[in-house]
Amino acid sequence: MANVVPHSFKSELLSGTHNFASGGDSFKLALYTAGSGSPYAATDTAYSSSVSNEVSSGGGSGYTTGGLQLQSQAVATGTGTATVDFANLNFPSATFGAAYGVIYNDDKSDKLCVVLDFGGTKTATNGDFTIVFPDPSTPANAIISLTSS
């Protein structure tokens, strides 16, 4: 499976729902196990704590339901391109595995932005579980990128 951009996110961008600029909306990243596949489909619209394969917050896992807030968000524009970037996100003292990450807008009714497929389960055992965001200087690598042709 590849990353999923929910249909609702596309129209919400055009209606001004999401503010990715520094000082704008607050975004979070929640983590999910492989479970029965992707935790959300393109037709889903919002994060829900009742999705069954969110990483467990119990047993000293080092994970909190709902994930962590993303920091240092930045929007960059170039000729025909706009990108969004976040600082790398670290879950310290983690003991869990995750196959998916979900970015959602914590300020706007938990609206989904993107479902990230890690390409398999990544694990940490009593150590750091770090999400490393790609370098957006190449727009095709940015976590969220809009490009005109």
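What to note about this one:
- Boolean, Asp25 is modelled with pLDDT of 95 or more, part of a loop (DSSP other than H, G, I, E, B), under 26 Å from Pro92 (Cβ atoms) and out of contact with any Cys (no Cβ under 9 Å at 6 or more places or on another chain): yes
- Among the candidates Ser149, Ser50, Ser109, residue that is more than 16 Å from the chain's Cα centre (by Cα), under 27 Å from Ser11 (Cβ atoms), at pLDDT 90 or above and part of a loop (DSSP other than H, G, I, E, B): Ser50
- The set of residues in the range 36-62 being touching a residue at least 60 places away in the same chain (Cβ under 8 Å) and over 22 Å from Ala142 (Cβ atoms) consists of Pro39, Asp44, Thr45, Ala46, Ser48, Gly62.
- Among residues of the range 70-93 being on the phi > 0 side of the Ramachandran plot and part of a loop (DSSP other than H, G, I, E, B), the one that is most open to solvent (accessible area, probe 1.4 Å) is Ser72.
- Some residue of the range 35-43 being under 15 Å from Ile103 (Cα atoms) and not in a loop (DSSP other than H, G, I, E, B): no
- Among the residues of the range 63-73, those that are touching a Phe, Trp or Tyr at 6+ places or on another chain (Cβ under 6 Å) and at pLDDT 95 or above comprise Tyr63, Leu70.
The values are calculated or read from the model by the stated rules, or taken from the named source; none is laboratory data. What you are looking at is a predicted structure, and each value in this text was computed from that prediction instead of being measured. Note that we place each Cβ from the backbone using ideal geometry, even for glycine, and neighbour counts take in every protein chain shown. Calculation scope for accessible area: heavy atoms of the full protein, side chains included, ligands and nucleic acids excluded. Shrake-Rupley method; radii C 1.70, N 1.55, O 1.52, S 1.80 Å.
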